[in-house]
Every structure is written in structure tokens, then in C-alpha cells.
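**Q** Before I ask anything, let me first share the structure, which is written out below as C-alpha cells.
The values are calculated or read from the model by the stated rules, or taken from the named source; none is laboratory data. A quick note: this is a predicted structure, and the numbers were derived from the prediction, not measured. Heads up, the Cβs are rebuilt from the backbone with ideal geometry, glycines too, and the neighbour counts pull from every protein chain shown. The area values use the complete protein model at the heavy-atom level, side chains included, leaving out ligands, DNA and RNA. Shrake-Rupley method; radii C 1.70, N 1.55, O 1.52, S 1.80 Å.
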Amino acid sequence: MNSISPIEQIWQEKDPETQERLGREYRRMLLSALVVAEHFRQEGREMRDIIHHLDRLEKWMVTTFAPSAAPDVKKLSDDEERRIGRLMLGEGGKAINDVLSIAATSHAQVLQTLVNESSRPSLTVLPHGVQVRHVDGVMLPPARERHMPNGDAPWIESKNVIPRLEMLLDVLKGEGVDMSTIEVIEGEAPEKSFRYLPYWCIQIPGVNKQVLICEQEKQGTYVIHGTIPLHEIFVLSKDELLEKDTPKIEMISYWSQRSWKSKISQVLFDDEKKKNMRAEIAGEIKQIYTVERWIEMTNFQKRDLKIGEKKYSKIASDMGVPLVDKNMTQESHLELAAVIYGEENPVLAPHLKKMRARVEKERELGEDPEKWRPVIRAEYSYERWMALTAEERLKFDFFGKSLYLLAVIFGVKDKRGVVIVRTEILKLTLAVFNDIPQEEREKLEMEIQKIEKAEELKGNPEKLKEQIKETYTSADWVGMTYEVYSKINIGGLGIDSIASVFGVPRVFPGSRIVFMQLGAVIYGKDDEHIKKHMDQLEILEDSEKLKEILRKKYTAEEWANMEVPEKKEFQLYGIGLLGIGTLVGYKGKPVSYHIDHLKIGALIFEKEDVEKYIRPDLDNAIKAEELGDDQDKWRDEITKRYTRKQWANMGGPERRQVSIYGKRMTSIATIFGAERNILSSNEAYRKLTDTIFSSNKDDTL
């Protein structure tokens, strides 16, 4: 029977779990020594760097394998060291002498072989059936100055994890890559480093590229255009990687999931054909939209946008900015603008910077009110917050959050919506500024109670009527002047709110007849004091009498030709245009002053006059409203009426005569983003012509 060596005997006494652990420790230390040896050959490192690693390995072997009967042993023999290498790595196992040999001669391939042989790979399946090979060793090892000081504290830059690997695989799948060809190699996380997660190397043979990804926040992604031998990736730091002349290497930073996926898709798959297609789309868009108009585009305009046969979502997809669930968010809109106009565009760049900072901050804060509170208070003092005007509250945008979204985060609103009422603003104030003086807190709470009581009154007209009667007699009511009744306050409700509860038009200054109508609702028409004013009230209650008064005041032609300022200032008995409309039977919702005005006129005047003076303008206004700002629809209407030659040859006087559904030339120019001096500038008119007839360029001039 063959005798075994003391080394082998000590090994056999270890349980399997300990053997596995010792094997990992040996491979890690030996690999570190081999990497330094290879680096020594390439960049002339001092021999003492290699000796440092070998000395550590040797001490480990002595501590682990020296017989307990020989405690003074300082070094094992070369034969014993080789036995340990074979126990750890099999028959081809390496030892200290092999490292010294590599340092003296060119053995880069040996290092690669060791990485492959010593890893004992295990396969893990990722999304889309992609498999992972785990390799011992640190990819892109941190530079020395980035190592953490000694100690057990896990110093790290960030605890947030971004699923970049899964995002990359989704991009590859979406681009039609054969996922069975993808190879993913996972390294180890460095010890005592600010980086606590490993890098992955993703090999993409179909496009001859490699991607190095770490899922820790604030770690860069590196795209290698070509391939770098794996052993180099275990040697080079990030800075050394980027310093390489060939192959080309790009680093991609993370702003948001959408922008990261868009950028890496462009870097990996932007071949010449796709670049040419995108350049063509961008060129067509830039002919129609300035960057300013693009940035200001509304969602309605995005839905109507069409370049050739491509709608907005298709354009975004072709330009490498896919929409999430087809949502046309301002974030994706600006990322698309970056592809079209360039990130360095001086108009666009500040918007991009602001948006990306907002996305980054929004992602960092999440939906945690405890994180949002100090950030809000760093920007707003209590006094400044309380001094926000109604317009400022309406336009409020704090890292992408409006006041109603902040109210959701702080639990003031149960669900998202577009409206936040005064009570919710006050409750949000108390939640954000939760340490204001007790006196100030009680003041806000009292206002909240007051408003809530007023809201309760709005929903209970009979109770409101009782409170008004308890406060004012009908004699008091009919004797009030505007200066008095404009200051009425019943349970927090002013005169306009009271009128709204009872379905009476708003009480404008001087509209005493409306005030009397409100009194009739509250006290009853038979009240002795209200009766005296019934003659006026009868006019408002008799739509035919009201129409007769209006017909005496205006002809149908005068009504149809009324200018915008006059429409806005229109009042009869102190009642505005829509109030009069309600009284004569106009039941539609307000669309625009022009259409409302004409529809109300159609109810007032005789049929013959309506057909002659009002109906044509009304039909045109309705059609123009349907067309909106849709350039394609207006282009169709124009090209039905004019050839390119007819349009292009119009002089100033003829341009002034153009009217399509009531839209004059200057209004048409605005729809197409042209300059408003279209009547006098031939150059501006030529550009408008090119824009309108862009799809009919073969039309003879």
C-alpha cells in the first residue's frame, strides 16, 4: 500500500466544506500573484510586488499544512508546495516557482489558462435563457488609492442596485440578437473596496463587442468595440482600460433606465444603415420643428405628429428611444430631442441637464416622505412656502413632483389626480413643516376646519339657506349694495360660491338683478320684499323676452362680427356671455369664445338671419376647432384648394385674402411654425411653401 505524505494526510483530515474553502483561498491568492507577475512583464513593476504576494501565499501554506509537531517550520519544500498545488488545482496545479517563471518570460496565455482552469465554473441561468459562468478574480480591480483602509467596516459608495445586466439582455433580445450566442462571465467583488458588487463581462459575438457591467449604483458601464483577452480584464483598472488605444472603448453613465437602454442600444447597434436612417428622420424633423418648438410640444401635438408614414412612437423607436408602455413623457421627449438635435445643442442642453438631475433626484428619493422632507425644506422656508401664489402652486415642479404628487407621497391624498385643493395644501404644509410653533399649527388646523365646514355647506343647500336667513332678513338682502353683498361670508362661502350652490350665474359688480334672482331662490318669490323686484326677475326667467332684448341691442350681422375684446367684456344686466347663453337655452360646454358666441347667437336670432350671418362662420369655426394644430390635416385642406405653383406665386395682397375655415395666412403660418411676417417676407413665405408642400415637391413651380 502506498504511503501518503504528511501534506496529504492533513488534507484528508479536513471535512469537505473546509477543503472547498481552502481551495478557494489558494486559488484567489495564487491568481493575484499570477496577475501581478503578468503585469510586471508588461509594465515593469518592481520584483518586490510579486514577492509580497508570494510571501503571503507561502505563509498561508505553512499555517495550513505544516504538521502540528513542527511548529517552527518557516518554509515548505518545493515538492510540498507542488503537492499542495495538485491538491488544490489537480495535476496541472501551479505553485510559487511557476509564478516566478511567468514573471521572467512571456506567459500571458498561461494566465488565461489558469483563470479558466481554476474557476471551477458553475452555470446560472439568466432571463432569455442566457447562462452565467462564475470566475474567481476581480474584473477591473480598483486602483490602489481606491482600496478601503484596513478594518471590517463595509465602506461603500451606495447601497442601491440597478439591474443593468437584465436591462442589457432586454435590449439585446429587442434588437433580435440570438441569445444562445451570448456569454456572461461573472467575476468576484473586490475586498475592502468602495465597490462591493462584481463586474460582469458580456460577450456579444454577433456585433463583435464586449460589455463590462456592474449593478452597483454610480458604477460605469464599458462597451468594448472588439474584444480584449479575458486575462487583461482581470489586470486593468478602469482608468487603464480607458487609456487603451485599441480597441475603442466607451463608458456609459446611468441617468435613468430609459436613457441608459437607449444609449447602449445606440452604441451596440448603430451601424451605418441605421445611422443613415436616423439622420434622415432627424433632418426631416429639423426642417419642420425648431428645437424650441419641439421642447414645447404638448401631448396632443405628439399624438398628431407624423413624419411621412411614421407616428411619434415609431419615430422614437427608430431613433433608439423606445417609449415605456407607449407613454409620451417629457423625459422620453427630451431624450429623443437629444438624438435629433444633439446633446450639446445650446437650447436643449440646459433642459436635458435639469431633466436628468430631476430623474436622478426623484429616483434617489423614491416615495419616502422622510427623504423628501429635508430636501424640500432646504429649498423652501416655511414663510416662502406659505407665500406661494395660486399661479406658483399651479406650476409647482420640485424634481418632477407637483404639489398633488407630494401630497400623495406624504399621505395627504389617497390617490393621484390633477387637482389639489386648499385643505390638502394646508395638510401637506403641516406634514412637511412638522415642527412649526404650536400657535402656527393651530392656526392652520383652524383654517382647515373652516374650509371643510364650508365644503359641507356646499353639499347641503337647505342648511346653507337656513344659515343665510339666520344672518340676513329679506329686507336686509334687497337693501344691500354691491360693496356690502360682495363681502358676504356664510360659513366660509362668499357670494359667488353661494350663487354656484343655488345654480345662479356669477354675481358681477353691478349685476343687481342676478343678486335679486339669488334672493328669490333663498327667500322665495312670494316674499314681500323680493316681490318688488319680480319685474326684473321675470326677464331672466323668460328666455323669449331676453332674446327680444338682445335682438333690439344687436343685429345678427353685428353679433357675428363682434370682436374678441367685446365678446370677453360682454354683459347684460351684469351677466356675462356664458351666463346669458344658459338663460337662452345654450347647454353646451364652453369650447372657445368664438364658437360659444356664435352658438348662442344661433339661439337668439331668427332662422333666416342665422343662416345668412352666423351659420357660415359657425361651421368654419367648428371645422377649424376639429383640425386643431394638426399640420397634416391643414396640409390636406390647403392642397385641396391650391397647387404648389398657385400658392407659391401669391403676392402680398393675395396672401391677405386667404381664409380657410376662418384661418387667415398668419394663423396658418403659426400652425406650421413659420414666421409671422409671412405677408411681407418672401423668404419666410418660401419656407412656409416648402413646409406645406413637402410631400408634393414634384408639383411643378
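**Q** Which condition number does Leu627 fail, the rest of (1) touching a strand residue (DSSP E or B) at 6+ places or on another chain (Cβ under 9 Å); (2) open to solvent by 70 Å² or more (accessible area, probe 1.4 Å) being met?
**A** (2)
**Q** Name the residues in segment 172-195 that are surrounded by fewer than 20 Cβ atoms within 10 Å (Cβ to Cβ), outside any strand (DSSP E or B) and out of contact with any Pro (no Cβ under 6 Å at 6 or more places or on another chain), would you?
**A** Once the filter is applied, which keeps residues that are surrounded by fewer than 20 Cβ atoms within 10 Å (Cβ to Cβ), outside any strand (DSSP E or B) and out of contact with any Pro (no Cβ under 6 Å at 6 or more places or on another chain), segment 172-195 yields Lys173, Gly174, Glu175, Gly176, Val177, Asp178, Met179, Ser180, Glu191, Lys192, Phe194.
**Q** Could you list, ordered by first residue, the pairs with Cβ atoms under 6 Å in which the first is in segment 555-573 and more than 17 Å from Leu603 (Cβ to Cβ) and the second is aliphatic (A, V, I, L, M), at least 6 apart or interchain?
**A** Tyr573/Ile513
**Q** A further question follows. Going by what's in this entry, would Glu654 be described as open to solvent by 50 Å² or more (accessible area, probe 1.4 Å), farther than 15 Å from Gln287 by Cα and modelled with pLDDT of 85 or more?
**A** Details: open to solvent by 50 Å² or more (accessible area, probe 1.4 Å): yes; farther than 15 Å from Gln287 by Cα: yes; modelled with pLDDT of 85 or more: yes.
Considered against the rule, which asks whether it is open to solvent by 50 Å² or more (accessible area, probe 1.4 Å), farther than 15 Å from Gln287 by Cα and modelled with pLDDT of 85 or more, Glu654 comes out as yes.
**Q** Still on this model: Among the aliphatic types (A, V, I, L, M), more than 25 Å from Ser265 (Cβ to Cβ) and in a loop (DSSP other than H, G, I, E, B) - does that describe any residue in segment 311-331? Quick ask: steps written out before the conclusion?
**A** Of the residues in segment 311-331, the ones among the aliphatic types (A, V, I, L, M) are 315-316, 319, 321, 323-324, 328.
Retained after the next criterion (residues that are more than 25 Å from Ser265 (Cβ to Cβ)): none.
For segment 311-331, residues among the aliphatic types (A, V, I, L, M), more than 25 Å from Ser265 (Cβ to Cβ) and in a loop (DSSP other than H, G, I, E, B): absent.
**Q** Continuing with the same structure: Just to verify a result, which residue in segment 314-323, among those that are without any contact (Cβ under 8 Å) to a residue 40 or more places away in the chain and open to solvent by 60 Å² or more (accessible area, probe 1.4 Å), is farthest from Lys275 (Cα to Cα)? So that I can check it myself, show each step before the final result.
**A** Residues of segment 314-323 without any contact (Cβ under 8 Å) to a residue 40 or more places away in the chain: 314-317, 323.
Add one more test, that the residue is open to solvent by 60 Å² or more (accessible area, probe 1.4 Å), and what stays is 314, 317.
Working: Lys314: 16, Ser317: 13 Å.
Here the residue is Lys314.
**Q** Can you tell me how many residues in segment 234-248 are among the β-branched types (Val, Ile, Thr) and either over 14 Å from Ile224 (Cα atoms) or touching a residue at least 40 places away in the same chain (Cβ under 8 Å) (or both)?
**A** To start, the set of residues in segment 234-248 that are among the β-branched types (Val, Ile, Thr) comprises 235, 246.
With either over 14 Å from Ile224 (Cα atoms) or touching a residue at least 40 places away in the same chain (Cβ under 8 Å) (or both) added as a condition, the list becomes 235.
Residues flagged as among the β-branched types (Val, Ile, Thr) and either over 14 Å from Ile224 (Cα atoms) or touching a residue at least 40 places away in the same chain (Cβ under 8 Å) (or both) within segment 234-248 amount to 1.
**Q** Looking at Glu343, Glu335, can you tell me which residue is modelled with pLDDT of 85 or more and surrounded by fewer than 16 Cβ atoms within 10 Å (Cβ to Cβ)? Break it down stepwise before answering.
**A** Details: Glu335 fails: surrounded by fewer than 16 Cβ atoms within 10 Å (Cβ to Cβ).
Just one listed residue meets the conditions, Glu343.
**Q** Separate question: Sort out which residues of segment 594-608 are open to solvent by less than 60 Å² (accessible area, probe 1.4 Å) and touching a residue at least 24 places away in the same chain (Cβ under 8 Å), and write them in order of number. Please lay out each step first, then the result.
**A** Restricting attention to segment 594-608, the residues satisfying the condition of being open to solvent by less than 60 Å² (accessible area, probe 1.4 Å) are 595-598, 600-602, 604-605.
Result: Ile595, His597, Leu598, Gly601, Ile604, Phe605.
**Q** Only one residue in Glu280, Glu250 is within 30 Å of Arg686 (Cβ to Cβ) and of a type in the set (D, E, K, R). Which one?
**A** Numbers: Glu250 fails: within 30 Å of Arg686 (Cβ to Cβ).
None of the other options fit; the residue is Glu280.
**Q** Then there is this: If I go through segment 223-252 residue by residue, how many of them are open to solvent by 50 Å² or more (accessible area, probe 1.4 Å), in a loop (DSSP other than H, G, I, E, B) and either β-branched (Val, Ile, Thr) or modelled with pLDDT of 85 or more (or both)?
**A** 3
**Q** Inspect all residues belonging to segment 364-375 and state whether any of them is assigned to a loop (DSSP other than H, G, I, E, B), modelled with pLDDT under 90 and either surrounded by 15 or more Cβ atoms within 10 Å (Cβ to Cβ) or of a type outside the set (D, E, K, R) (or both).
**A** yes
**Q** Pairs please, first residue from segment 656-671 and under 18 Å from Ala684 (Cα atoms), second anywhere and open to solvent by 40 Å² or more (accessible area, probe 1.4 Å) and part of a helix (DSSP H, G or I), Cβ atoms under 7 Å, 6+ apart in sequence or on different chains.
**A** As it stands, the answer is Met665/Arg656, since those pairs meet every condition given.
**Q** Still on this structure, I have one more. Does Thr329 count as of a type in the set (S, T, N, Q), within 30 Å of Thr429 (Cα to Cα) and surrounded by 12 or more Cβ atoms within 10 Å (Cβ to Cβ)? Please lay out each step first, then the result.
**A** Values: of a type in the set (S, T, N, Q): yes; within 30 Å of Thr429 (Cα to Cα): yes; surrounded by 12 or more Cβ atoms within 10 Å (Cβ to Cβ): yes.
The answer is yes for Thr329.
**Q** Look through Lys353, Lys361 and report the one residue that is open to solvent by 20 Å² or more (accessible area, probe 1.4 Å) and free of Cβ contacts under 8 Å to residues at least 12 places away in the same chain. Reasoning before the result, please.
**A** Values: Lys361 fails: free of Cβ contacts under 8 Å to residues at least 12 places away in the same chain.
Going through Lys353, Lys361 in turn, the sole match is Lys353.
**Q** Checking Ile660 against (1) within 38 Å of the chain's Cα centre (by Cα); (2) surrounded by 16 or more Cβ atoms within 10 Å (Cβ to Cβ), which test does it fail?
**A** (1)
**Q** Something else: So in segment 457-472, with the set limited to residues that are free of Cβ contacts under 8 Å to residues at least 24 places away in the same chain and of a type outside the set (Gly, Ala, Ser), which one is nearest to Ile420 (Cα to Cα)?
**A** Let us first name the residues in segment 457-472 that are free of Cβ contacts under 8 Å to residues at least 24 places away in the same chain, namely 459-460, 462-463, 466, 470-472.
Now narrow it down to the ones that are of a type outside the set (Gly, Ala, Ser): 460, 462-463, 466, 470-472.
On the way: Asn460: 22, Glu462: 27, Lys463: 26, Glu466: 30, Glu470: 33, Thr471: 32, Tyr472: 33 Å.
The selected residue is Asn460.
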